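Reading through the structure tokens given below for one structure.
Taken together, the values in this text are just the output of simple stated rules run on the coordinates, not laboratory data. What you see is a predicted model, and the numbers here were worked out from it, not measured in a lab. Note that each Cβ is placed from the backbone with ideal geometry, even for glycine, and that neighbours are counted across all protein chains shown.
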Amino acid sequence: MAKKTTSTAAQDRYSDGMVPNSSRKKESVGTLLTYLVLGTLFGIIFVKAEIISWFRIQEMFRLQSFHMYGVIGSAVLTGMISIQVIKRFRLKSLQGETVVIPTKPFRKGQPIGGFIFGLGWAITGACPGPLFAQIGSGYTVVLVTLISALAGTWVYGRFEKYFPN
Amino acid sequence: MQSFIDWLSQPWPWYIAGPLIGLTVPALLLVGNKAFGISSSLRHICAACIPAGIPFFTYDWKKEIWNLLFVLGTALGGFMAVTFMGNPEPFAIAASTKADLTALGITNFSEMMPSEIFSWENLFTGKGISFFVIGGFLVGFGTRYAGGCTSGHAIMGISSLQWPSLVATICFMLGGFLMTQFLLSPLMQILGF
């Protein structure tokens, strides 16, 4: 029952169905640093598997390499198995909370916004994660792409009610 | 030790990288009940820096600081990977992609990003405005409108069996195919590649 309450409360805060944080507890500096470390590992994988490469994204959208499909496919499969294990064994987070998997109800924004993002993904060669890793890898001009992405996010937020959803 | 570093320095195959990325999902859930998603960080930065009284950006972004630390780490990881585990070999690309892109006017295939596009000199030209400014805007606008990106929808959403995320992912791919297969060539011609 407690699980359900948490999830609903979190959903109310985010009109776009984004529920990034089901935790209600205040986190220690140590825990926060864990996210920094996880992010760092994530960035290393992104660069080492060349997911941040504009060329790899071109290969993917030209159906000329299996690499990106392999990466995304095996990531999804691993995530799926992990979530099943977490549910089956009712694993709790380190804070002792029941793990909540946020639901994403369907909205028109998912296909429309998704399509718009796809256009940008093929131009920039980056989804939001790789943007950060590209900058860290020394492609500093991508800072401009990041600022533009922030502008895009802001414009969506500012005019949210005018877009079909 | 040296051979270990040599081994790390090679590009990692998909069957190593994909499962490791997938493990981010349970890692975040188990550390602090967090759903994997990167594009949210853009929203939190807007909420922190320029909320301007907009309801969409009026929430306690400090509670989401974990997400900002995660993306800061991603940038740091990018730095560490090229600094300590840099690939000494030239970048390898599929021959067919190389041929297609050569026809579009790309000549430098030695790095992960084409230097003809991603350089500061291009910033105030049509190339820079199209590839960084418009491209970035579409990424930021589209992901927020969709409520997630490759991590939040394709990986976290599909992993947790949510069909709206599958719809979103299919549309990411459709947009990408359309741009790459039909729009990129005329765009690059206009821009003078």
Practice task
Straight distance only, please: which lysines reach the Cα of A:Lys25 with their own Cα at less than 30 Å, same-chain residues fewer than 8 apart left out?
Solution key: A:Lys3, A:Lys4, A:Lys87, A:Lys92, A:Lys104, B:Lys34, B:Lys62, B:Lys63
Completion exercise
Around B:Ala81 (Cβ within 13 Å, Cβ-to-Cβ, excluding B:Ala81; K/R +1, D/E -1) the net charge comes to 0
Problem - Over the protein assembly as shown: helical MRE at 222 nm, DSSP H runs n ≥ 4 each giving -39500 (n - 2.57), nearest 500 - result: -18000 deg cm²/dmol
Exercise for the section: Would you mind working out the magnitude of the charge dipole of the stretch B:12-163 relative to its Cα centre, with +1 at each Lys and Arg C-beta and -1 at each Asp and Glu C-beta, to the nearest 20 Debye? Expected result: 460 debye
Fill in the blank from the handout: Computed over the stretch B:1-89, the Cα gyration tensor eigenvalues, each multiplied by 5 and square-rooted, give semi-axes in Å (largest first) of 34, 16, 10
Exercise for the section: In a Gaussian network model over chain B where Cα atoms closer than 10 Å are linked, find which of B:Gly157, B:Gly128, B:Gly32 has the largest mean-square fluctuation. Expected result: B:Gly32
Fill in the blank from the handout: GNM on chain B, Cα springs under 10 Å; top mean-square fluctuation among B:Ala52, B:Ala168, B:Ala94 goes to B:Ala94
Problem - Unit Cα scatterers, Debye sum, the stretch A:91-161: log10 I(q)/I(0) for q = 0.12, 0.19, 0.22 Å⁻¹ - result: -0.52, -0.89, -0.97
Practice task
Take chain A, connect every pair of alpha-carbon atoms lying under 10 Å apart with a spring to form a Gaussian network, then pick out the residue of A:Met60, A:Met80, A:Met68 with the largest mean-square fluctuation.
Solution key: A:Met80
Handout entry: Average beta carbon contacts from partner chains per residue of B:6-15, 10 Å cutoff
Key = 4
Practice task
Round to a whole angstrom and tell me the spacing of the C-alpha centers of the stretch B:130-193 and the stretch B:36-93.
Solution key: 18 Å
Exercise for the section: May I ask you to evaluate 6.51 cos²θ - 1.76 cosθ + 1.60, the Karplus curve with θ = phi - 60°, for each residue of the stretch A:36-45 and list the ³J(HN,Hα) values in order in whole Hz, giving x for glycine and proline? Expected result: 5, 5, 4, x, 5, 4, 4, x, 5, 4
Exercise for the section: Between the alpha-carbon centers of the stretch A:88-122 and the stretch A:127-165, tell me the distance in whole angstrom. Expected result: 18 Å
Completion exercise
In cubic angstrom per residue, the convex hull of chain B built on its Cα atoms measures 170 Å³
Handout entry: chain B, relative contact order [Cα under 8 Å, separation at least 6], %
Key = 25 percent
Problem - Under the Karplus curve 6.51 cos²θ - 1.76 cosθ + 1.60, θ = phi - 60°, whole-Hz ³J(HN,Hα) for the stretch A:62-79, x wherever Gly or Pro sits - result: 9, 6, 10, 8, 8, 3, 5, 5, x, 4, 5, x, 6, 5, 5, 4, 5, x
Handout entry: Computed log₁₀ I(q)/I(0) - Debye formula, equal Cα scatterers, no solvent, the protein assembly as shown, q 0.06 Å⁻¹
Key = -0.20
Exercise for the section: Report the relative contact order of chain A, percent, no decimals, based on alpha-carbon pairs under 8 angstrom and at least 6 residues apart. Expected result: 28 percent
Completion exercise
For chain B, the helices passing both cut-offs (Cα extent along own axis of 24 Å or more, Kyte-Doolittle mean at least 0.5, full DSSP H runs) are B:65-84
